[in-house]
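One structure is given below, encoded as structure tokens.
Read the figures in this text as sums done on the coordinates, not as results from a lab. Just so we're clear, the structure is a prediction, and the values are computed from it rather than from any experiment. Methodologically, a virtual Cβ is constructed for each residue, glycine included, from the backbone with ideal geometry; neighbour enumeration extends over all protein chains shown.
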Amino acid sequence: MNYFKNTTSYIAIIFFAGLLVFSACKKEKGMDNPTASQLSPLLGAAGDVLTLTGDDLANIQTIVFEKDNVPCLFNPTLNTANAVIFRVPDTASGGDQNIVLTNIEGKQVSVQFNVLALPRVTEASNYNFTGGTVLELTGRNFEVANKVVLHGTTDEATILSQSKTKLVIKMPSTNVVRAKLDITNPTGTSVTGQEFVYIPNNFIVFDDDWGKDGAYGIGSIQSWSFSCNPSISTAVAPKAGTAVLRADYTDAGGGLSTFLGCSWTTNNNTFNMVYKMAFITFWARTEAADVDITIVPDNPWKGTDPFGAATGFGSKTVTLEKGKWMYFKIPADFISGDYSRLNFKTTDKAAPKTTIYYDDIILVK
């Protein structure tokens, strides 16, 4: 009986001792000694995938890019004891810095990395400009931007102020019709996806007033509107300049109709508009419900409906969302035939009467 008790006690001691050894080993594995052996690659831009290899990495819970303390979102459940995979955050600041990885016990390991942070524009306050126009660019990696140039030229904008996400510039005068921007910071130079239109070198239908010179010098652009009363207004803050073109559509399906000017031909004694363009651009705003606007070119002297129905000229419809200025840049390849006016129609015949504000209607070469 005493032998049995002694044996039982001996077994219990061995069992609990084994548990202690197992627990200690388990705690040490992946928790106590995180180490890094290699980070690949050693430099990269936002969104690039990074792989850190080493030991005891399974319980890494947070990753921070040290410059400006930018956290990195990742899935810790995908960690292994020997590898952690993550991406460079979109908000990471550029330059050499440490990446600090911390496990659930607060143990840290750090590795050096170079973030390539080229300037990137996601939005602009306007896409039209003249010499001296101030534009606010929204995006990232602007805090150390040092040069902005019209792409393909030496025409340089002046940097007025900057932060990580905002860049305010004063645009230069230029000989080009339209151009993207080259923005440079210490990482390098990037070209914007957005294109900016130099108003004086294009055909103005309306800016603060109707365009002063028709396509062939016949005088101001004219309104030939139907079921729509246009007026120059300051009822809402313009997108640019001092005034907007207010179009009060008095009947569903009405049209703001802009007569652009014509040239005389002997072919059937007709007038033809031969101004060739790459884009129709304009800003528009409505305070009522969303509304569709259909751009319809026509020529009253070539057999089309004088109230704007398209007969072989093509059309393009865009949707205007209520309560905000929206910029439209419409490729003009939908237009076929010689046209003398453009009609901005409310499409749905059942739509309610509405008011639409327009600004900077430009035909872009």
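With the crude spin-label approximation of a point 7 Å out along Cα→Cβ, what separation in nm comes out for T319 versus E105?
Placing both labels 7 Å along Cα→Cβ, they lie 5.6 nm apart.
Under 18 Å Cα-Cα from K239, which aspartates and glutamates qualify once same-chain neighbours fewer than 8 residues away are excluded?
Within the straight-line cut-off, K239 pairs with E123, E136, E195, D207, D208, D209, E287, E321, D359, D360.
Given a Förster distance of 35 Å, report the FRET efficiency between D32 and I159 from their Cβ-Cβ distance, rounded to the nearest 0.05. Numbers along the way, then the final one.
Working: r = 50 Å, r/R0 = 1.43.
Result of the calculation: an efficiency of 0.10.
When we measure straight from the Cα of K316, which aspartates and glutamates land under 15 angstrom away, once same-chain ones fewer than 8 places off are left out?
In chain and number order, the partners are D292, D298, D333, D348.
Mind checking the full-extension length gain between A289 and D48? Use 0.36 nm per residue of separation minus the Cα-Cα distance, one decimal, nm.
Working: separation 241, 0.36 × 241 = 86.76 nm, distance 4.18 nm.
Roughly 82.6 nm would be gained on extension.
Treating only the Cβ atoms of Lys and Arg (+1) and Asp and Glu (-1) as charged, compute the dipole magnitude of the range 50-152 about its Cα centre; round to the nearest 20 debye.
Working: 6 positive and 10 negative charges, 51 e Å.
Taking the Cα centre of the range 50-152 as origin, the dipole is about 240 debye.
For A252 and T80, what does the FRET efficiency come to when R0 = 56 Å and r is the distance between their Cβ atoms, rounded to the nearest 0.05? Walk me through the numbers on the way to the answer.
Values: r = 64 Å, r/R0 = 1.14.
In this case the efficiency is close to 0.30.
By how many nm would the segment from D90 to E123 grow when fully extended, if each residue of separation counts as 0.36 nm and the alpha-carbon distance is taken off?
Working: separation 33, 0.36 × 33 = 11.88 nm, distance 1.59 nm.
Result for the pair: 10.3 nm of gain on full extension.
Computed FRET efficiency, Cβ-Cβ of K329 and T62, R0 45 Å: what is it to the nearest 0.05?
0.55
Which pairs break 31 Å Cα to Cα here: K164/K345; K180/K322; K212/K345? Before the final figure, lay out the partial values.
Details: K164/K345 42 Å; K180/K322 29 Å; K212/K345 23 Å.
Exceeds cut-off: K164/K345.
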